[in-house]
Amino acid sequence: MTVTGEKPPFFPAERSCPFSEPPKYAEFREAGGLHKVTIWNGTQHWLATRHADIRAVLSSPSFSADVRHPDFPLVHSNQAEHEGGIFLRLDDPEHARLRQMLTREFSVKRTQAMRGELLKITDELIDAMLAKGGPVDLIQDFALPMPSRAICAILGVPYEDHDVFQQHANAGTDLDVSYEERDRALRTAFDYYSSLIERKRRDPGDDMTSRLITDHEGPDGFAPEMMPVLVGILVGAGHETTANMLGLGTVALLLNPDQRDRLREHPELAASTAEEMLRYWSIVSTDPRRVALEDVEIGGQLVRKGEGVIVSLIAGNRDSRAFGAGEGECPADQLDVGRNARHHVAFGFGSHQCLGQNLARVEMQVAWPRLFERIPTLRLAVPAEDLPFKKNSIVYGLKSLPVEW
Ligand code: HEM
């Protein structure tokens with residue numbers, strides 16, 4: 001409970017231990033209910049930390065994801081201007097109508113069919129690392145290019161242009177970047193995607209961007225002026241998230257050799273390893289966010305129309321009411337690659353649940369078993385205490401990951 005006169009704590013809080021949730025979130029969760037937090041612009045909003053409350057917020061039609069709403073708890077000062085009106089920031093039924101134009105591209109069937117291609121990319125990157133010789137930075141040489149090359153192939157974006165879209169993703173997620181700097185990076189990316197789309201309009205290829213233009217651009221689909229933002233968001237969401245997961249998951253396996261050996265000896269644990277890593281790291285640190293369209297009760301707390309609610313995915317995914325409560329189950333704050341963690345909320349929940357989750361899953365299921373099969377002696381090249389974790393970012397991760405073998 002907030003004591004009258006005391007300013008609610010700042011959100012997002014830092015993970016004081018890089019492997020744990022911020023202690024304040026655990027405290028809030030154990031106290032129960034929703035708690036007020038203060039964000040970058042001084043406004044105050046509710047924070048949901050229990051697994052059940054997070055699911056209740058994200059599945060309730062009483063909340064809006066529209067960043068143009070005057071009371072929306074914006075993640076940074078450029079958000080409404082750059083993302084307003086894009087399908088993922090709209091509410092149902094309009095959001096659902098537009099989203100279903102994209103779902104086939106990321107279906108289980110489509111993404112499973114990419115396994116061979118993903119394995120080929122993985123092997124090429126491992127070959128290059130081995131040829132170069134350690135130590136290497138696993139982020140630059142593996143975790144970042146693997147999902148970047150995959151999303152580029154899907155969308156028909158030339159991978160050679162990775163500097164443009166990786167800078168765009170950095171500026172979009174690093175919360176230490178100024179309004180001007182982020183604005184400049186987002187505008188550069190907009191120009192880049194506009195000219196790519198123009199080229200594809202003239203000369204369509206066998207790729208998702210060309211199909212979007214041919215089949216779904218226009219009054220009943222995506223507005224032409226939204227297309228560069230849409231493709232940019234898909235490229236950004238499609239590589240930045242999985243790249244951070246691949247880096248963090250590799251560290252977790254290196255620091256828990258018993259778990260690494262279980263995965264190596266039982267490759268059939270690849271799927272549960274990916275779910276457990278998603279749960280354990282819960283990399284989306286500042287979102288999802290919503291604003292109440294009417295009075296609604298969540299976790300015993302009345303949220304009034306116009307109040308903002310932020311959910312902490314890591315707090316929900318470390319909630320012992322949802323994980324680790326069963327007989328013989330590993331506690332929620334520990335890593336267990338054999339755990340059934342499929343009900344985690346790392347991909348969100350409800351109608352905005354991650355569109356690219358099937359792709360992200362297959363990428364992780366391919367990457368870790370292959371990496372540890374081909375480089376069994378992989379180890380950190382610096383002490384674990386020196387690993388540079390991202391401190392103030394929408395997506396948690398590592399700035400670099402020096403490894404050798
Ligand atoms: C490990 C990797 C990933 C994680 C942890 C992740 C996480 C999330 C989360 C938490 C949301 C919900 C946001 C909300 O409710 O406001 C979301 C939505 C979304 N994600 Fe992902 N994501 C990942 C990979 C991907 C990939 C590979 C793509 C491919 C393009 C992608 C595209 C999207 C899109 C388009 C949405 C918006 C969906 C909608 O609003 O209907 N994500 N993601």
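Being of a type in the set (D, E, K, R), farther than 29 Å from Arg321 by Cα and without any contact (Cβ under 8 Å) to a residue 60 or more places away in the chain is not true of Glu240.
Screening Phe142 on (1) touching a Phe, Trp or Tyr at 6+ places or on another chain (Cβ under 6 Å); (2) more than 12 Å from the ligand (Cβ to nearest atom) shows it passes everything except condition (1). Selection of the range 154-192 for residues being without any contact (Cβ under 8 Å) to a residue 40 or more places away in the chain, under 25 Å from Gln357 (Cβ atoms) and over 20 Å from the mean Cα position of the chain (by Cα) yields only Tyr159.
Of the helices (runs of 4 or more DSSP H) contained entirely in the range 199-269, those carrying at least 3 residues that are among the β-branched types (Val, Ile, Thr) and either within 14 Å of the ligand (Cβ to nearest atom) or surrounded by 17 or more Cβ atoms within 10 Å (Cβ to Cβ) (or both) fall at 227-255. When Gly42 is tested against (1) touching a residue at least 60 places away in the same chain (Cβ under 8 Å); (2) on the phi > 0 side of the Ramachandran plot, just one condition goes unmet, and that condition is (1). The residue that is surrounded by the most Cβ atoms within 10 Å (Cβ to Cβ), counting only those in the range 1-12 that are at pLDDT 85 or above and under 19 Å from Gly299 (Cβ atoms), is Phe11. Cβ-Cβ distances below 6 Å connect the following pairs, each with a first residue in the range 261-289 that is touching a residue at least 60 places away in the same chain (Cβ under 8 Å) and farther than 16 Å from Asn340 by Cα, a second residue that is away from the ligand (no atom under 12 Å from the Cβ) and in a helix (DSSP H, G or I), and a separation of six or more residues or different chains: Arg264/Phe372.
In the range 286-403, counting only strands (runs of 3 or more DSSP E) that sit wholly within it, the ones holding 2 or more residues that are aliphatic (A, V, I, L, M) and within 16 Å of the ligand (Cβ to nearest atom) span 289-292, 308-311.
Are any of the residues in the range 318-334 closer than 25 Å to Phe28 by Cβ, of a type in the set (Ser, Thr, Tyr) and touching a residue at least 12 places away in the same chain (Cβ under 8 Å)? Yes, that holds for at least one residue. For the range 45-63, filtered to residues that are under 20 Å from the mean Cα position of the chain (by Cα) and among the polar types (S, T, N, Q), the residue that is farthest from Gly299 (Cα to Cα) is Ser59.
For the range 1-114, which helices (runs of 4 or more DSSP H) that fit wholly inside it have 3 or more residues that are among the charged types (D, E, K, R)? Once the helices (runs of 4 or more DSSP H) in the range 1-114 are filtered for at least 3 residues that are among the charged types (D, E, K, R), what remains is 23-31, 94-103.
The values are calculated or read from the model by the stated rules, or taken from the named source; none is laboratory data. What you are looking at is a predicted structure, and each value in this text was computed from that prediction instead of being measured. Note that we place each Cβ from the backbone using ideal geometry, even for glycine, and neighbour counts take in every protein chain shown.
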